[in-house]
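Read the figures in this text as sums done on the coordinates, not as results from a lab. Everything quoted here is computed from the prediction, not taken from an experiment. Note that each Cβ is placed from the backbone with ideal geometry, even for glycine, and that neighbours are counted across all protein chains shown.
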Amino acid sequence: MSDPMFQAMRQSIIDGAPDTATELAQQALASGVDPLDAVNQGFAAGITFAGDQFGCGQMFLPDLLASAEAMKAAIKILEPEMLKRGSQRETLGKIVLGTARGDIHDIGKNLVATILSSSGFQIFDLGTSVTPEQFVAKAKEVDADIVGVSALLTTTMAGQKAVIEALDRNGLRPRVKAIIGGAAVTSKWAAEIGADGFSRNAIDALALAKNLVGKGTASA
Amino acid sequence: MRPRLQLLSPELISRILREAFELLMNPGIRVGSAVVELLQSAGVKVYGGVARIPESLAQKCLASVPRDFYLYNRRGDRAVHYGGDDVQFDPGSCCVQVLDPEALEARPSETRDLVRIVKVTETLPQFAAQSTAVVCTDAPGEIGDLYRLFVVLQYSDKPVVTGSFSAEGLQGMLDLLAADSGGPEGLRQRPRAVFDVCPSPPLNWSEFGSHNLLDLARAGVPAEIVSMPLAGGTAPVTIAGSVTQHAAEALAGITLHQLAARGSPIVWGGAPAIFDMRTGGAPMGAVETAMLNMACAEVGKHLGLPTHGYLVATDSKFVDAQAGAESARSAMLGALTGINMISGAGMIESLACHSVEKLVIDAESIASAYRLVRGVEAGDAGRGETLATAMFAQTGLSGEFLKLKETRSLFRKEQYLPSPVIDRSARGSELPSNVFTRARARVDELVGTYQQPSLPEAVLQKFHTIVERETKRAGAAALLA
């Protein structure tokens, strides 16, 4: 972290400045810095800081989204070189996301997707009003670690249960973890339908996902 | 003089409407397939599910909306007036949880909870209308919307603010109301209920919403647009920007509705809120949320339309000082704006939970708001009525105002006399010490005085037939043994 370049990378993410992040990523490649080091010691440190700041109420959702966008911009530059070197960034896990059948509200789900993907998860976003069958098919196809179902409305929360039942029917659980989220979702509901976890916001979802794939830390 | 509050200048309202009409064309409004043909036959271009509605058409549709209308009680009397500056309140709806007054925890709402809310609402004059306040989780979910109305109609004579959960669910609810109003024509002539219909922000009249608008217009049963931009989340972050989006969504809804049946009643309503940048939630008790509701209603009033808003709710999880502060504040603001129907009383936890104890406390805030908008009465100077001198002529400097006949005849008009929910007694008096305990006692007292309306056997029979039919249609488990 003492390296001024890594420090600048971290700061570009905290500032939510995609142009600066892009430039720094390009400079890193031009000067022969290992792209994996750039991510791990520079940019990712910024995301971790932003997440912590959000957690303690010092940063807000728009700040967090801007940080995630900046992270995306940096990864876009670094990824081809990482592939070339065969040093792909370690993926924390594969997560299939979507909103429950009949629910078109995706703002929460999109936040979760952005935060999780910028933190190193591979996200397969099925979009809105996703059927249980679609969740199951995608989870099989990509060999998912986690399936996440979001529902805003009390009337569509039943769709979360249907997905979990479908995962069970297809024998995907307990290997595939099922998590749910949404404004009306409670711990009681999660327990009632047998979800492996629930979260009311994107940062909690990150901690939850990390724990479920065994990459959690006590502080996360 | 009636006191009022106005947030928007006439110039700002003009700007809001100008941009709202622009939004109708660009980016346009996403619409459900149910209304595509209707829009195309009116000359609207619809590509890829997006309609571009010209201002001229929207203006024409605006012109045919009734400026006011009434909701009727079971006896057929006018009981709610949508229009002008009249202000009325109904309990919020429709969450799936209630606050258990013993455990002080949220638990799933059941039929008995809805019945209790309806009974209390029925006895309180502060509520001009009932709402289908909570979903009954002990009834089959597939007919949850119909079942709520079925319960409310059995326990109330008042008008009802309700809504359906699907395109298919509406007809059964209209049939229930018609059975109680002497048939569909009776319901059209003397509507008992208004139906909330929601666009999905931003600028999207989904399949379900557009379908409901059409069906309600054709049935002649009032629709209430509940557009809910979340400033910064699903709408522009500024109040003015979100109000503009709300206006565009409402104008689009009115266009669809009036194209289906000109002259059918519809309300310029909404549940706009800010978007909480920490939690991603919609804080209903925020002052900016109240400002959004006020501003949206002001635009509707400028257009001469009946209005609705979502206030008197709190983000607190308990019936505490925060709940009281947020709910009373927004009740006052809504009343001062002259919003025709203000929904939300009784709700806590940002609309996730209902509390009947809070409902009776909110009733006190509402009564205070009513008192406030009645303003300061000063008698008629032209008829020689004085403010104080005539009374001083009687008392001199004795200070014996309590003895004056004016005091006795006017104090009830001058002062709102609160129920025992509001504690003004001296320390050490008999009243329980905290407001929640007093509210619980008040709920018990009101439930005790409540009398259930007697419905004709033939109507009840029709209710049951409709519920059975809808249960089968929806493939739900049998409800009525």
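Through the Karplus equation 6.51 cos²θ - 1.76 cosθ + 1.60, θ set to phi - 60°, convert the phi angles of region B:241-250 into ³J(HN,Hα) values in whole Hz; use x for Gly and Pro.
Running phi through 6.51 cos²θ - 1.76 cosθ + 1.60 with θ = phi - 60° gives x, 5, 5, 5, 4, 4, 4, 5, 5, 5 Hz.
Computed over the Cα atoms of region A:72-176, what is the convex hull's projected area averaged over all directions, in nm²?
7.0
In which sequence would B:Leu170, B:Leu397 go, from the one with the fewest C-beta neighbours within 10 Å to the one with the most? Mind showing how you got there, number by number?
Numbers: B:Leu170 24, B:Leu397 6.
Starting with the residue having the fewest Cβ neighbours, the order is B:Leu397, B:Leu170.
Farthest toward the dipole's positive end in the protein assembly as shown, which of B:Leu24, B:Leu176, B:Leu303, given Cβ charges of +1 (Lys, Arg) and -1 (Asp, Glu) about the Cα centre?
B:Leu176
Let me spell out the model: positive unit charges on the Cβ of Lys and Arg, negative unit charges on the Cβ of Asp and Glu, origin at the Cα centre of the protein assembly as shown. What dipole size does that give, in debye rounded to 20? Could the numbers behind the result be given before it?
Working: 65 positive and 76 negative charges, 211 e Å.
Using only the charged Cβ atoms, the result is roughly 1020 debye.
Taking amide H atoms as placed 1.01 Å from N in the peptide plane, list the residues 5 or more away in sequence, or in a different chain, whose amide H sits under 5 Å from that of B:Phe89.
B:Ala128, B:Ala129, B:Ile342
Note down the magnitude of the dipole of region A:4-84 about its Cα centre, charges +1 on Lys and Arg C-beta and -1 on Asp and Glu C-beta and zero elsewhere, to the nearest 20 debye.
On the way: 4 positive and 10 negative charges, 17 e Å.
With only Lys, Arg, Asp and Glu charged at Cβ, the dipole is about 80 debye.
From the C-alpha gyration tensor of the protein assembly as shown, pull out the three semi-axes of the equivalent ellipsoid (sqrt of 5λ each), sorted largest to smallest, in whole Å.
Numbers: eigenvalues 460, 184, 148 Å².
Whole-Å semi-axes of the equivalent ellipsoid: 48, 30, 27.
Would you compute the Debye intensity of chain A from its alpha-carbon atoms alone, equal scatterers and no solvent, and pass along log10 I(q)/I(0) at q = 0.09, 0.13, 0.16 Å⁻¹ to two decimals?
Each listed q corresponds, in turn, to -0.37, -0.74, -1.02.
Select from B:Gln415, B:Val36, B:Ala478 the residue farthest towards the positive end of the dipole of chain B; place +1 on Cβ of Lys and Arg, -1 on Cβ of Asp and Glu, and compute about the Cα centre.
Working it through, the farthest residue towards the positive pole turns out to be B:Gln415.
Let's see if you can work this out: charge +1 on each Lys and Arg Cβ, -1 on each Asp and Glu Cβ, no other charges. What is the dipole magnitude of chain B about its Cα centre, in debye to the nearest 20? Numbers along the way, then the final one.
On the way: 45 positive and 52 negative charges, 191 e Å.
Here chain B has a charge dipole of around 920 debye.
Over all pairs of distinct alpha carbons, what does the Kirkwood formula give as the hydrodynamic radius of region B:152-283, in Å? Can you show the working numbers first?
Details: mean 1/r = 0.0648 Å⁻¹.
Averaging 1/r across every pair of different Cα atoms and inverting gives 15.4 Å.
Separation of region B:435-479 and region B:1-27 by C-alpha centroid, Å?
Centre-to-centre (Cα) distance: 41 Å.
Enter the angle in degrees (range 0 to 90, nearest 10) between the Cα long axis of helix B:287-302 and the first principal axis of the Cα atoms of chain B, meaning the one along which they spread out most.
In chain B, helix B:287-302 runs at an angle near 70 degrees to the longest axis.
How would you classify region B:63-374 from its alpha-carbon gyration tensor, with a ≥ b ≥ c the square roots of the eigenvalues: rounded for a/c under 1.5, else prolate if a/b is greater than b/c, otherwise oblate?
Verdict is rounded for region B:63-374.
Pull out a ≥ b ≥ c, the square roots of the eigenvalues of the alpha-carbon gyration tensor of region A:1-108, then state rounded if a/c is under 1.5, prolate if not and a/b is larger than b/c, and oblate in the remaining case.
Details: a/c = 2.26, a/b = 1.42, b/c = 1.58.
Because a/c hits 1.5 or more and a/b fails to exceed b/c, region A:1-108 counts as oblate.
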